[in-house]
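This report concerns only the one structure given below.
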Amino acid sequence: MLDTLQTVLAFVVTLSILVAVHEFGHFWVARRCGVKVLRFSIGFGKPLISWRDRHGTEFAVAGIPLGGYVKMLDEREGDVPPEEAHLAFNRQSPGKRIAIAAAGPVANFVLAVLVYWLVFMGGTQGVAPLVGEVEEGSLAQQAGLVAGQEIVSVDGKATPTWEQLSIRLLERVGETGELSIAAKYPESDLIYESTIVLDGWMKGVAEPDPIAGLGLELYRPRVEPVISEVVADSAAERAGMQAGDRLVSADGEAIDDWMAWVEYVKVRAETPIELEFERNGQLQRTTITPAGRNTEGDRVGFVGMAVVPPPPLPEKWLREYHYGPVEAFIAASHKTVHMSVFTVESIYKMITGLLSPKNLSGPITIAKVAGASAEYGLSAWLNLLALLSISLAVLNLLPVPVLDGGHIVYGLIELVSGRPVTEKIQMVANQVGLAMVVCLMVFALYNDVLRL
């Protein structure tokens, strides 16, 4: 119950910040362009709280926290007194209308830069991408990568951490061509360069794992299979497990690493496992039946036990970066641009079939990720907030009627042709655009349900 409340709260807070910033962009520029703003609402439906400023604008917080809007005076949406006609949105020049429409996405880009700036100012840390295992016959083995190497770049772009390596590889999902990888041994400066030939690499794969897709398993220290805690009323407690027990084997297969045990349990929901363990120097046996829960569309087993935390990683495997205010701002700007381009490329790949549309997520998945990020700490949540802000900006700039990008297109057409798009054409286009957006939202929600 507590986890659910945390997830809902994290989702509402995250979405409210994104929407407030986006709509404030529209509001702020509209005011400066001489447009009368009637309402600034966070959420939809009946207002829970509302107040008015000296300009007559109503500010409201509504009960359905799935978006927001800025309502401006507009002759197309109702009667406008003659003395206020000059304050109507539709009476403004094309340049002003474009500026007002673009202000929301621009505000989200600015938010992303500021959030990344805070993250970089606080310092960032990651783990070096050391190769643990290379799968037989995989693309990685064909390229000559071997266990123990550190991957230092992909396509000439540095990959100092696991996260950076994943991002660089995700950029190539669905593509055909050459992928260049540079690697070295940790104690050496000699760089080994290799080329991997891609042919529609992981095209159409739902939730692609690019590292595994190359046949790589990144190195991680072995975690001793020793129990630190047993959850009350869990499968582990019913099987008689206790803190301090060391797992020895499962169904006759040796367990020498905790993650091997986790993977073994995950694929055996509601399936009895003959477990051998050591307690106080004595070997004992029991039968444990993992419970099951639906995760990402799969039935996953779990037993309700925690592991003794492993020792800290050696410092030589850690990558720490500290920035001054100016350096942090430059790094934040670069990352915002990079993630914006990555988002645009991902949308293009989904449209062209290079990337599975099953990767499209809706409010349920966003809520789960927001909750998990909040649980991992402030830095994780801030990174998610920046990424979602970029995604919201990019999606709103798509040239689809009813979105900001559609209004920008109308303005550009009027600038070029000297004549506005007729209201009849706009009405039909907006209906088509609305249908497209609704279908997209329904499909994203459908993907969410499949992941439950």
Task: Unmet requirement for G418, which otherwise passes all of (1) small (G, A, S); (2) surrounded by 12 or more Cβ atoms within 10 Å (Cβ to Cβ); (3) at pLDDT 85 or above - done: (2)
Open item on the list: I'd like the residue in the range 176-205 that is closer than 21 Å to G144 by Cβ and among the charged types (D, E, K, R) and, out of all such residues, is surrounded by the fewest Cβ atoms within 10 Å (Cβ to Cβ).
Closed with: D189
- [ ] Just need a number here: residues in the range 314-332 that are open to solvent by less than 80 Å² (accessible area, probe 1.4 Å) and over 28 Å from L385 (Cα atoms).
- [x] 1
- [ ] Go through the range 1-45 residue by residue and tally those that are of a type in the set (A, V, I, L, M), part of a helix (DSSP H, G or I), surrounded by 20 or more Cβ atoms within 10 Å (Cβ to Cβ) and modelled with pLDDT under 95.
- [x] 4
TODO: Assess whether I366 counts as being under 24 Å from Y116 (Cα atoms) and in a helix (DSSP H, G or I).
DONE: yes
TODO: Would you mind telling me which numbered condition in (1) assigned to a helix (DSSP H, G or I); (2) surrounded by 12 or more Cβ atoms within 10 Å (Cβ to Cβ); (3) under 35 Å from the mean Cα position of the chain (by Cα) K71 fails?
DONE: (1)
Task: Those residues of the range 345-381 which are among the hydrophobic types (A, V, I, L, M, F, W, C), touching a residue at least 40 places away in the same chain (Cβ under 8 Å), surrounded by 17 or more Cβ atoms within 10 Å (Cβ to Cβ) and out of contact with any Ser or Thr (no Cβ under 7 Å at 6 or more places or on another chain), in sequence order - done: L354, L360, I364, I366, A374
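Restricting to the range 168-215, count the residues that are assigned to a loop (DSSP other than H, G, I, E, B) and closer than 20 Å to G353 by Cα.
Of the range 168-215, the ones assigned to a loop (DSSP other than H, G, I, E, B) are 171-176, 185-191, 199-209, 214-215.
Among the residues that remain, those that are also closer than 20 Å to G353 by Cα are: 171-176, 199-209.
Result for the range 168-215: 17.
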Open item on the list: Go through (1) in contact with a strand residue (DSSP E or B) (Cβ under 8 Å, 6 or more places away or on another chain); (2) more than 16 Å from A99 (Cα to Cα); (3) modelled with pLDDT of 90 or more for I64 and report which single condition fails.
Closed with: (3)
- [ ] Restrict the check to the range 285-303 and report whether at least one residue is surrounded by 15 or more Cβ atoms within 10 Å (Cβ to Cβ) and acidic (D, E).
- [x] no
TODO: Could you pull out the residue among G137, G148 that is open to solvent by less than 60 Å² (accessible area, probe 1.4 Å) and either closer than 18 Å to P186 by Cα or not in a loop (DSSP other than H, G, I, E, B) (or both)?
DONE: G148
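The values are calculated or read from the model by the stated rules, or taken from the named source; none is laboratory data. Just so you know, these numbers come straight off a predicted model, no measurement behind them. Heads up, the Cβs are rebuilt from the backbone with ideal geometry, glycines too, and the neighbour counts pull from every protein chain shown. Just the protein is used for accessible areas: all its heavy atoms, side chains included, with ligands, DNA and RNA removed. Shrake-Rupley method; radii C 1.70, N 1.55, O 1.52, S 1.80 Å.
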